[in-house]
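In what follows, a single structure is set out as structure tokens and then discussed.
The values are calculated or read from the model by the stated rules, or taken from the named source; none is laboratory data. Please read these numbers as outputs of a predicted model, since none were measured by experiment. In this analysis, Cβ positions are derived from the backbone assuming ideal geometry, glycine residues included, and neighbour counts consider all displayed protein chains. SASA here: full protein model, heavy atoms, side chains in, ligands and nucleic acids out. Shrake-Rupley method; radii C 1.70, N 1.55, O 1.52, S 1.80 Å.
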Amino acid sequence: MKQLKVMTIFGTRPEAIKMAPLINKMHESDRIESIVCVTAQHREMLDSVLNLFGICPDYDLNIMKHGQTIVDISSRVIRGLENVLKEEKPDIVLVHGDTTTTFMGALSAFYQKIDVGHVEAGLRSGNIYSPHPEEMNRKLTSSLSSMHFAPTIGNYNNLVKEGVSKDKIFVTGNTVIDALLQAVEKDYVFENPILNGIDYVNKKIIVMTVHRRENWGQPMENIFNAVNEIVKCNEDVEIIYPVHLNPRIKDLAHRILSNNKKIHLIEPLDYKPFANLLNKAYLILTDSGGIQEEAPALKKPILVVREETERPEAVEAGTVKVVGVKTQDIINETQLLISDENRYKQMARAINPYGDGTASEKTIEAILNYYKY
Ligand code: UD1
Ligand code: UDP
């Protein structure tokens, strides 16, 4: 049987989590030849996801350097992909979301006149400098793509408004929900002794992550000062913070938070324990994109420490609140959720704006129909 050659290109943890279910489904299809190329913009954080989902890349550009800049990533990805694309000549390249790997992957394919499919297309904050460079990476990737896989109707509408032809947009849901449903288990037991020693029933456990470029420096200090204050004022609150490996973040987090016994600074978690930690948490404090999609499906309130979000669906549904990056605002909003049971219950509702676990199937069906395979 003639097979459609599909190359996935990705490089960071969130891209890997969201591409993995799609890749594994493509491997099951006898109509697709699936080639996986990782840029390794992330290294350890990427490898742990590849291991979990049993993905063995055909190509690994291994580009990560400590303290890399956007220009470093861009130049290494575009240089590395040139020969890979020349050698493989895929029918379509799939990229995901908004990272520099995404945009450079799409641009590399475009230079060789290879079609691009954009998974997780159409998210917009409306501000090209926030998130930076992600908002622009997404817009530019849209311009380079022939197929756009939009997680929600809102994302579809954003693309239509920008002039993308409707027959090129496919509303699929977000593959993150496919991954989440595979990862979360009832009665999950952690291997990490710190996580196993925590009383998730009687304590209010806040899971926190921060990494966005806009938050580097003062905003991140504000966030850390806020959480120090929150645990000081609330006997029953503890914070678990898997710290991103970026040295800018690690150093600051350890400097401001490491003396506080109720704040557990740990290494980034593998996806399975992290998803299960979200499932046991009381609330989530984060600037992550992916976590804003996962936590609503798990009935967990989220406070987003950013000025805006490109994921408005859960905000509109009332389970996500964007609280900004001022210390006192973060303290006030968190305190309300800790002490006002009604408010907590209003936010702790399961909603599913980002999909039902079938986004990978829908994406593959759309690709095969499009190419008439
Ligand atoms: C990148 C993406 C961002 C995405 C985030 C997900 C860009 C410009 N940024 O940001 O959109 O939200 O990934 O986490 O594409 N590091 C390691 N090991 C790892 C991963 C990172 O040591 O496995 C350290 C390295 O020192 C690296 C630094 O973290 O230089 C920053 O990584 P980078 O990919 O440049 O930026 P992120 O902030 O992770
Ligand atoms: N995540 C993880 N381990 C952690 C922290 C996060 O596996 O220690 C997962 C999380 O569940 C989500 C993804 O990583 O699926 C989000 O990645 P990140 O916040 O780094 O990037 P973003 O989504 O903001 O681009």
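Values computed for the structure shown
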quantity: Helix-only [θ]222 nm of the chain, DSSP H runs n ≥ 4, -39500 (n - 2.57) each, per residue, nearest 500; calculated: -14000 deg cm²/dmol
quantity: Label-to-label distance, nm, for residues given as residue 56 and residue 308 (7 Å Cα→Cβ offset); calculated: 4.6
quantity: Total charge dipole magnitude, region 324-373, about the Cα centre, Cβ charges on Lys, Arg, Asp, Glu only, Debye to nearest 20; calculated: 120
quantity: Ordering of 5-16, 132-143 by burial proxy (mean other Cβ atoms within 10 Å per residue, highest first); calculated: 5-16, 132-143
quantity: Average accessible area per residue (Å²) across region 191-268 - probe 1.4 Å, nucleic acids and ligands excluded; calculated: 49
quantity: Semi-axis lengths, Å, region 1-159, gyration tensor of Cα atoms, sqrt of 5 times eigenvalues; calculated: 22, 19, 16
quantity: 20 Å binning of all Cα-Cα separations within the chain, expressed as whole percents from 0 upward; calculated: 30, 58, 12, 0
quantity: Dipole magnitude of region 1-159, debye to nearest 20 (Cβ charges: Lys/Arg +1, Asp/Glu -1, about Cα centre); calculated: 260
quantity: Region 277-373 - percent of accessible surface contributed by carbon and sulfur, probe 1.4 Å; calculated: 48
quantity: Per-residue ³J(HN,Hα) for region 240-245, Karplus 6.51 cos²θ - 1.76 cosθ + 1.60, θ = phi - 60°, Hz, x for Gly and Pro; calculated: 10, 10, x, 7, 4, 6
quantity: Using alpha-carbon coordinates, inclination of helix 13-28 to the longest axis of the chain, degrees; calculated: 50
quantity: Fully extended contour minus Cα-Cα distance, from residue 216 to residue 112, at 0.36 nm per residue; calculated: 33.8 nm
quantity: With Cα atoms, 0 to 90° folded angle of helix 327-339 axis to the chain main axis; calculated: 80
quantity: Where GluC sites (Glu not before Pro) fall in DSSP loop in region 266-320, at most 15 other Cβ within 10 Å; calculated: none
quantity: Calculated over region 92-198: convex hull of Cα atoms, volume per residue (Å³); calculated: 151
quantity: Cut-off under 5 Å, modelled amide H: who pairs with residue 4 long-range; calculated: 32, 33
